Amino acid sequence: MAILTTLVGSRSAALVDVSSTGARVRGADLPVMDDELVVNIDRVQAFGTVVWSDSGECGIVFDPALEPDDEEYLRNLVAAAKGLPPDIRAAFENWVVGAGR
């Protein structure tokens with residue numbers, strides 16, 4: 001899970017994909033295009049800007065790019081989440097978007 005913090009507030013999102021230069025997240029009430037934010041995922045913190053937003057997902061470009069160790073750590077988290085049973089992964093995503101609260 002990622003915590004996205006803008007000047008307006010914070011919200012939770014599911015990390016869908018990540019690279020050293022950015023991430024794709026999914027959730028409810030996500031920041032919009034051009035919003036600047038801080039992304040916190042477990043032990044990794046990155047500054048970024050939303051470069052696209054569509055249908056409950058958004059793309060974030062990191063500035064500066066992630067360090068290689070941080071990128072590898074986050075890629076492993078994404079891979080682990082993809083390995084969860086479908087019902088558990090669906091329940092987690094429902095919780096992130098607010099359907100499970």
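Pairs needed: first member in the stretch 6-33, touching a residue at least 40 places away in the same chain (Cβ under 8 Å) and in a strand (DSSP E or B); second member anywhere, surrounded by 14 or more Cβ atoms within 10 Å (Cβ to Cβ) and of a type in the set (Asp, Glu); C-beta distance under 8 Å; at least 6 residues apart or different chains.
Short answer, once both residue conditions are applied: ALA14/GLU93; VAL16/GLU57; VAL18/GLU71; ALA23/ASP17; ARG26/GLU57; ARG26/GLU93.
If I filter the stretch 71-94 for residues that are over 15 Å from the mean Cα position of the chain (by Cα), modelled with pLDDT of 95 or more and not in a strand (DSSP E or B), do I get at least one hit?
The answer is no, given that none of the residues of the stretch 71-94 is over 15 Å from the mean Cα position of the chain (by Cα), modelled with pLDDT of 95 or more and not in a strand (DSSP E or B).
Of all the residues that make up the stretch 40-63, how many are touching a Phe, Trp or Tyr at 6+ places or on another chain (Cβ under 8 Å) and part of a loop (DSSP other than H, G, I, E, B)?
Of the residues in that region, 3 qualify.
Give the number of residues within the stretch 24-54 that are touching a Leu at 6+ places or on another chain (Cβ under 8 Å), of a type in the set (A, V, I, L, M, F, W, C) and under 22 Å from GLU67 (Cβ atoms).
9
Working only within the stretch 5-29, note down all residues that are farther than 18 Å from ARG75 by Cα and either surrounded by 21 or more Cβ atoms within 10 Å (Cβ to Cβ) or among the polar types (S, T, N, Q) (or both).
THR5, THR6, SER10, SER12, GLY27
The values are calculated or read from the model by the stated rules, or taken from the named source; none is laboratory data. Just so it is clear, the model here is predicted, and its values are computed rather than measured. FYI the Cβ positions are ideal-geometry reconstructions off the backbone, even for glycines, and counts take in every protein chain you see.
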